[in-house]
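The values are calculated or read from the model by the stated rules, or taken from the named source; none is laboratory data. All values derive from a computational prediction rather than experimental measurement. Please note: Cβ atoms are built from the backbone with ideal geometry, for glycine as well, and neighbour counts cover all protein chains shown. Ligands, DNA and RNA are stripped out before the accessible areas are found, and what is left, the full protein with its side chains, is counted by its heavy atoms. Shrake-Rupley method; radii C 1.70, N 1.55, O 1.52, S 1.80 Å.
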Amino acid sequence: MSGQPSQQEELKAFSVSAEQCQDFKTSSQIEWILPAGKFGFAMGTASGAASRRLHSHLAVTLGPGDKPAAALIALEAVTASRGTRVGISTNTYAGAVHPEGFRRLQSFMAGPACEWVFKSGATSITKRLKMHADGLGCTTTYENKGEGAVQLRIRPLIGWRREHEPFTASEGFPAHLSFPSSETEIEMEEATLTLRHDDAERLPSTGWHYRFWLEKEEEEGAPALDDVYCPCELSWLLEPGGIARITASLTGSRDHIEIPAMSEAATLKDQLCSAASLHVVSDEAGPFLAADLPVKGQRSRDVLIALPGIMIGLGREEEATEMLNWIGSTMKNGALPTTLAADRPPNDFRSCDAGLWLIQAAWQVLQAHWDDGLAAATLTWMDEIIQGLANGCDAGLVFDEVDGLLKLVDDDAGLTWMDSFVDDWPAVYRHGKPIEINALWISGLHIAESICARTGQDGLRWRLQAEKADSNFEKTFWRSSIRRWLDCAEPDDATLRAGIVIALGVPFSPIRGRHAEEALALAARELLTPYGIRSCGPREPNYDGRQPNQVSEVSRLEHNGAVLPWMLGLYAYAVARITRDDSRVASLLDCADEMLLEHGLGGISRLRGGDEPHRPGGVRWHAPALSGLMTAFRVLEESRETALDSLS
């Protein structure tokens, strides 16, 4: 999968068949997203019907701490040819679907742009949508692919609606309308939306459309009915090959942009790369990795877990190096901020392991593409982590001088990767010395030693520290009486949790030999599912295997039994290291096609139910989850290449 993706690969897209498109129950559940800039995106369903408040052609977050809002909700389109009017858009109202454009939908594609192909008799219209690079605008085109002229009429539907907050008709919206030549300006309290519509005849059709029904909002316990505003109607006469263009802009450029043709991502490699490209977005400061889509808070741990799998898989290691250097620059007293934000200073350092994940991520990127600057920075970060431990690390860890291991100082703060809270209390309490924190620590020490060896520096101090911690790791965490590794030591907690998979899968794992084989076998029996790793063993008393049907349930379930796809990459590393069995690594990808298509096109959900049928839940486009699949794919490729090299 390595190597800079070609232009052809960048234009691969996920496709939905005519049969799926014309089944409204199916196509209205298939979601897509087009992220752009720092906080802009378009989002919707294959059918065209909105089921969430953020489903729209243009949505944006205007400033730090602001919630994303949808501005251009939809374009309601109707064609007329030879006296026949046909709707080629779809809206859902309370008790009705109108128009029923999905019935004419022959195909849908989502990748770097979206494309809908509508056919009715001799009429054939291709609609394309693409976000502008700054995230503040979008261009939509309608191309007449038929043999005769077509009258196209479009009603833009406008609002300023936020997730889970109802948007209803009011006399004060919009604040002002103006109609300059070839443009319509809608001034709202929050922003001004400009529609550019060259060559269109503008018709008076101003007013509210009422009681749009949003299915997903209702499922998630939010008000389900909204109103939207129509500022005008636009009309074009399209000859064969003619194109109507509408560009919507919020303070950004009003220029129309070209929308490229796309081809289907037919292979798993193409699908993974197409999906990964969604998460790599740019603004004026350069590229960054979006841990979740739509972009909200950037949790440092999530970004660092996702970064190697996605950026190495895309062959974009130099950009990964830029990202890591910027993340490392935010370190304070050996700790990284919980949330990354370039536009405001960090003030929360509640992820005790984020700095250690930075070291692991840097090592993986260095292995794929060596960079002397990143290698030097990685040693500096390890020095800062050690100094922070000596000074009382902001992240809540202390160094045990006796055994060289790390211990939590705040049992109730939810500082490890099991950091979800329910009603302001940690969903999981962990005490003492967590096994995966110490595996990350030991791996980091060995990484520092290896960098010194590669660059001709004296790595003795790193080796001595690693040897001390390594020699005490097994006696601290292994319990021969139960043939199991502890989840936490001092006090002992033998709960079977997914931390053991992290400990097995880090680059320099301290778990080796027969005890590693036993740990992997136990994880395969109790934690492994076709979709990822359970966060907690199903025989544990606090296990909760329910399906994540409500948003409110995600935090409770995530670390008490939910399936976590992001751990598939770590598990793949462990399998390759311990068993060298390609078939076992390959089997981790058996459900990848299904996972990439079922919840959001090109998205892997944050978690799934612990019990069958393991339904997806949480964020639909979660970069660490996608990275888990991409890492497993890369491990498989590398394993097979190694096997071929040994034969030649």
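Please give, to one decimal in nm, the separation of the simple spin-label points placed at GLU318 and ALA222, each 7 Å out from Cα toward the Cβ.
According to this spin-label approximation, the distance is 4.1 nm.
Please compute the modelled spin-label separation between GLU19 and ALA133, points set 7 Å along Cα→Cβ, answer in nm with one decimal.
Roughly 4.1 nm, to one decimal.
Over what distance in Å are the Cα centres of the stretch 70-118 and the stretch 224-268 separated?
When both Cα centres are located, 12 Å separates them.
In nm, give the distance between the simple-model label positions of LEU268 and ASP492, each being 7 Å from the Cα along the Cα-to-Cβ direction.
Here the modelled spin labels are 4.0 nm apart.
Compute, for THR631, the solvent-accessible surface of its heavy atoms (probe 1.4 Å) with the complete set of protein chains present, and express it in square angstrom to the nearest 10.
Using a 1.4 Å probe on the heavy atoms, I get roughly 10 Å².
Specify whether the C-alpha gyration tensor of the stretch 548-605 places it in the rounded, prolate or oblate class, a ≥ b ≥ c being the square roots of the eigenvalues: rounded for a/c under 1.5, otherwise prolate if a/b is larger than b/c and oblate if not.
Oblate, because a/c is 1.5 or more while a/b does not exceed b/c.
Please give the calculated 222 nm ellipticity per residue for the chain, where each DSSP H segment of at least 4 residues contributes -39500 (n - 2.57) and the sum is spread over every residue; nearest 500 deg cm²/dmol?
-10000 deg cm²/dmol, from helical runs alone.
If one computes the Cα centroid of the stretch 481-499 and of the stretch 308-382, what distance in Å separates the two points?
30 Å
Solvent-accessible area of VAL86, probe 1.4 Å, all protein chains present, reported in Å² to the nearest ten, please.
10 Å²
Determine the order of ASP255, ASP348, ASP199, ASP270 by accessible area, beginning with the largest, at a probe radius of 1.4 Å.
The ranking, largest first, comes out as ASP199, ASP255, ASP348, ASP270.
Given contacts defined as C-alpha pairs under 8 Å and at least six residues apart, what's the relative contact order of the stretch 501-590, whole-number percent?
Reported as a whole number, the value is 34 percent.
Only four residue types carry charge here, +1 at the Cβ of Lys and Arg and -1 at the Cβ of Asp and Glu. Report the dipole size of the chain about the Cα centre in Debye, rounded to the nearest 20.
Roughly 1100 debye for the chain.
Is the shape of the stretch 1-110 best called rounded, prolate or oblate, per the rule: a/c under 1.5 gives rounded, else a/b larger than b/c gives prolate, else oblate, with a ≥ b ≥ c the square roots of the Cα gyration tensor eigenvalues?
The shape class here is oblate.
Starting from the Cα of ALA122, move 7 Å in the Cα-to-Cβ direction to define the label point; list residues of the stretch 55-84 whose amide nitrogen is under 15 Å from there.
Only 80-84 fall inside the zone, counting backbone N under 15 Å.
Expressed as a rounded percentage, what relative contact order does the chain have, with Cα pairs under 8 Å and six or more residues apart?
It rounds to 11 percent for the chain.
What label, among [x] 92, 27, 19; [y] 48, 24, 23; [z] 63, 48, 25, belongs to semi-axes √(5λ) of the Cα gyration tensor in Å computed from the structure on display?
Answer label, from the structure shown: [y].
Based on the Kirkwood radius over alpha-carbon pairs, what value in µm²/s does the Stokes-Einstein equation return for the translational diffusion coefficient of the stretch 507-648 at 4 °C and 1.567 mPa s?
Translational D for this selection: 83 µm²/s.
Based on the Cβ-Cβ distance of TRP425 and ASP348, what FRET efficiency does E = 1/(1 + (r/R0)^6) give at R0 = 22 Å, to the nearest 0.05?
0.80
ASN325 to LYS475: extension gain in nm, 0.36 nm per residue of separation minus the Cα-Cα distance?
50.4 nm
So for LYS130, LYS433, LYS145, what's the accessible-area order with a 1.4 Å probe, most first?
LYS145, LYS130, LYS433
Find how much the distance from GLU165 to ARG580 grows on full extension, using 0.36 nm per residue of separation minus their present alpha carbon separation; answer in nm with one decimal.
Extra length from GLU165 to ARG580 when fully extended: 144.2 nm.
Among LYS269, LYS127, what's the order by accessible area (1.4 angstrom probe), most exposed first?
Final ranking, largest accessible area leading: LYS269, LYS127.
For Cα pairs less than 8 Å apart in space and 6+ apart in sequence, what is the mean separation divided by the residue count of the stretch 246-292, i.e. the relative contact order in percent?
The normalised contact order for the stretch 246-292 reaches 18 percent.
Mind checking the per residue accessible area of the stretch 591-636 for me, 1.4 Å probe, whole number of Å²?
Heavy-atom accessible area per residue stands at 24 Å².
Please work out whether the stretch 351-484 counts as rounded, prolate or oblate from its C-alpha gyration tensor, where a ≥ b ≥ c are the square roots of the eigenvalues and a/c under 1.5 means rounded, while otherwise a/b larger than b/c means prolate and anything else oblate?
Note, shape of the stretch 351-484 comes out prolate.
Gap in Å between the Cα centre of the stretch 159-218 and the Cα centre of the stretch 605-620?
Taking the Cα centre of each part, the stretch 605-620 and the stretch 159-218 sit 36 Å apart.
What is the calculated FRET efficiency for TRP208 to ARG82, with r their C-beta to C-beta distance and R₀ = 45 Å, to the nearest 0.05?
Using R0 = 45 Å, I get an efficiency of 0.85.
If ligands, DNA and RNA are left out, what is the accessible area of ASP593 with a 1.4 Å probe, given in Å² to the nearest 10?
80 Å²
Greater than 22 Å separation of Cα atoms is the criterion. Which listed pairs, LYS12/LYS127; LYS216/LYS296; LYS269/LYS296; LYS433/LYS468; LYS38/LYS216, meet it?
LYS269/LYS296; LYS38/LYS216
Taking R0 as 60 Å, what FRET efficiency do you get between ASP458 and ASN542 from their Cβ-Cβ distance, rounded to the nearest 0.05?
0.80
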